[in-house]
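Engineer: Let me give you the structure first, and then I'll get to my questions.
The values are calculated or read from the model by the stated rules, or taken from the named source; none is laboratory data. Worth saying up front: this structure is predicted, and the values here are computed from it rather than measured. We place every Cβ from the backbone using ideal geometry, glycine too, and count neighbours over all the protein chains shown.
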Amino acid sequence: MTGLVLVLNAGSSSIKFTVFAAAPEGPEPIASGQIEGIGAAPHFFARDAAWQVLVDRRWDGEDAPRHHAAALAVLIGWLDDSLGERPIIAIGHRVVHGGPDLAAPVLVDAAILAQIEALVPLAPLHQPHNLAGIRAAAEAFPGVKQIACFDTAFHRAKPWVADTFALPQRFYAQGIRRYGFHGLSYEYIAASLAAEDPALGAGRLVVAHLGNGASLCAIAGGRCVDTSMSFTALDGVPMGTRSGQIDPGVLLHLMQAESMDTDALTRLLYHESGLKGLSGVSQDVREIEAAGTPEAEGALAHFAYRVRREIAALAAAMGGLDALVFTAGIGENARALRGQICEGLGFLGIAVDAERNRANAPEITAPGATVRVLIRRTDEERMIARHALALLRDTVCAG
Ligand code: ADP
């Protein structure tokens, strides 16, 4: 199969994209970038695979793209001009929520679009933008197959005990479930490890995806067993600005004692909590580390503690652990914090080699430790491109 695969990730004010060439050994990225600040001060930026800047454009006049469709038109115009004759053969979309039923990537048609739309109440901050991206792409590329890949899909494999809250059963039936997110990242890491070392891929992994948004996932034999995020991307470990798991009684108390309404609680839990709320400095680990105040140190210590606790809980969900994998901005780069997380996990067989950890080496296991500790770069876009090509191949074969 020759041609290009365009991967789109449409957020509230940005469209991120990567263009892949459909090479025989799998999709190879040739350009990536984003249009950010849509609706305010848009900025279009793209690089090629060698990290050369291809475009860096800002608008200040009437012609600035004001909505997703306009931004996508700019992107498409640029792709047409810069990618030469190679046709776009598929468009893969990152979609945050697949609900209880969409458990794998799908070719988008009218029925699927309606199904994705019906899930907007479950992810009101993201799903409408993902939909806008799909609609705009369908208009711009009529006849090109569009594939939706869901952040929740990987987690649909987990057992009911890990999927339910302890609420009356009717809530589960209504879709109040522990969905989990970052699924494309976990799927990519699990597939990469399986390709690199089949025995490890068949084993028990805890993957810690620690970025601005953070979650962890227990994966056994390549399948999700449990994960720290649940109904929304608020649950689990503390994040840049999100609280992570919190006693629901705190919310009842704040509603009663401080008359906080939905908007006030949303602001508090999504934007003012986590590392930013605790440190009073920033959501960015580098700035918190540089601040060095007692509050900043406390924020990092709390984050490390909660991640450590989650690693042990997820190991328990699998009855043991073969490897711990760190990924995303903090997981790949924040050496001190990574070391702090692993302290005290010796009882599980986890010990980190200080030198290797400082060097961000791909494997940081201390000599003699029984659980491997790895650092891997995640690549959700490549995972989407692989799914898009696989579905395209299936439809060509079936057709
Ligand atoms: P997002 O979830 O927005 O994709 P990233 O995966 O880019 O986020 O992760 C962002 C986080 O990674 C920030 O907290 C940032 O401080 C942290 N980070 C990135 N590089 C480093 C570094 N060299 N040292 C410590 N923390 C880092």
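Engineer: Farther than 24 Å from residue 282 by Cβ and in contact (Cβ under 8 Å) with a residue 40 or more places away in the chain, is that true of residue 172?
Structural biologist: Here the answer is no, as residue 172 does not meet what is asked.
Engineer: Okay, moving on. Return the pair list, or none, for Cβ contacts closer than 9 Å from residues in the range 213-241 that are among the basic types (Lys, Arg) to residues that are outside any strand (DSSP E or B), at least 6 apart or on different chains.
Structural biologist: 223/154; 223/157; 223/158; 223/190
Engineer: I've got another one for you. With the range 318-399 as the region, which helices (runs of 4 or more DSSP H) entirely inside it contain at least 1 residues that are surrounded by 16 or more Cβ atoms within 10 Å (Cβ to Cβ) and at pLDDT below 95? Reasoning before the result, please.
Structural biologist: Numbers: elements: 328-333, 335-342, 354-358, 380-398.
Because the criterion is at least 1 residues that are surrounded by 16 or more Cβ atoms within 10 Å (Cβ to Cβ) and at pLDDT below 95, the helices (runs of 4 or more DSSP H) in the range 318-399 that meet it are 380-398.
Engineer: Consider residue 26 against the criteria (1) closer than 22 Å to residue 393 by Cα; (2) surrounded by fewer than 16 Cβ atoms within 10 Å (Cβ to Cβ); (3) touching a Gly at 6+ places or on another chain (Cβ under 8 Å): it satisfies all of them except one. Which criterion is unmet?
Structural biologist: (3)
Engineer: Report whether or not residue 86 is closer than 21 Å to residue 384 by Cβ, surrounded by fewer than 18 Cβ atoms within 10 Å (Cβ to Cβ) and in contact (Cβ under 8 Å) with a residue 24 or more places away in the chain.
Structural biologist: yes
Engineer: Moving to a separate point now. Go through (1) surrounded by fewer than 20 Cβ atoms within 10 Å (Cβ to Cβ); (2) in contact (Cβ under 8 Å) with a residue 40 or more places away in the chain; (3) over 18 Å from residue 152 (Cα atoms) one by one and return the number of the condition residue 205 breaks.
Structural biologist: It fails just one condition, (1).
Engineer: Also, quick follow-up: Do you know which residues across the range 263-298 are within 13 Å of the ligand (Cβ to nearest atom) and assigned to a loop (DSSP other than H, G, I, E, B)?
Structural biologist: 281, 282, 283, 284, listed by residue number.
Engineer: Return the total of residues in the range 238-262 being surrounded by 13 or more Cβ atoms within 10 Å (Cβ to Cβ), over 21 Å from residue 165 (Cα atoms) and more than 14 Å from the ligand (Cβ to nearest atom).
Structural biologist: 3
Engineer: Right, here's the next one. Could you go through the range 135-158 and let me know if any residue there is among the hydroxyl-bearing types (Ser, Thr, Tyr), assigned to a loop (DSSP other than H, G, I, E, B) and touching a residue at least 60 places away in the same chain (Cβ under 8 Å).
Structural biologist: The answer is no, given that none of the residues of the range 135-158 is among the hydroxyl-bearing types (Ser, Thr, Tyr), assigned to a loop (DSSP other than H, G, I, E, B) and touching a residue at least 60 places away in the same chain (Cβ under 8 Å).
Engineer: Could you check the range 320-345 and list, in sequence order, the residues that are under 11 Å from residue 375 (Cα atoms), among the charged types (D, E, K, R) and more than 8 Å from the ligand (Cβ to nearest atom)?
Structural biologist: Of everything in the range 320-345, just one residue is under 11 Å from residue 375 (Cα atoms), among the charged types (D, E, K, R) and more than 8 Å from the ligand (Cβ to nearest atom), namely 338.
Engineer: Go through the residues of the range 94-108 one by one and say whether even a single one is under 25 Å from the mean Cα position of the chain (by Cα), among the hydrophobic types (A, V, I, L, M, F, W, C) and over 29 Å from residue 229 (Cα atoms).
Structural biologist: no
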